[in-house]
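Take a look at the structure below.
A short reminder: the numbers here are calculations on the coordinates, not readings from a lab. These numbers were taken from a predicted model, which means no experiment stands behind them. Note that we place each Cβ from the backbone using ideal geometry, even for glycine, and neighbour counts take in every protein chain shown.
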Amino acid sequence: MIVSCRPCAYLQYTGIKKEFFTLKGSRTEHISHIRLAGDMNNNIVERLHGTKRDREKVMRGLKIDETPIVTMQDIYYNHIRHHQGLHGNKPAKEAGLGIADKNRWLGLITKSLETNRRLKLTGHK
């Protein structure tokens, strides 16, 4: 089943066509059901995509395949940035992964170094 906000919105993606369609026709049922208000909506994901798109518009270096920019943006979004929908909390804190340090970037780096050190001591890569 594919749930989308408008009919045939998903047909432009080749991967969707390959996965959900055969020469005989559709292998799935398309339900055009997502609304701004109702039992199913994608507002949270759309807001995330909008935030990423706003940031990527003004950045250089995203054409390089191995750029750390997108990963660092995800870290910022989940660990540093306050979210209005979470009453000023961060998603990581809501998930129980919060950093107690005042300087959150430094706290994340310290926690990462401690984890790497622990993994090396136990023989993990």
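Give me the distance between the Cα centres of the stretch 105-125 and the stretch 64-101, rounded to whole Å. The stretch 105-125 and the stretch 64-101 have Cα centres separated by 18 Å.
Kindly put L48, L121 in sequence by how many other C-beta atoms sit within 10 Å of each C-beta, fewest to most.
Values: L48 14, L121 8.
Taking fewest neighbouring Cβ atoms as first place, the list is L121, L48.
Under 5 Å from the amide H of F21 lie the amide H atoms of R27, each residue being 5 or more positions distant or on a separate chain, with H modelled from the backbone and absent for Pro and chain starts.
Computed from backbone phi with θ = phi - 60° and the Karplus coefficients 6.51, -1.76 and 1.60, the 3J(HN,Hα) list for the stretch 22-27 is 10, 5, 7, x, 6, 9 Hz; x is used for glycine and proline.
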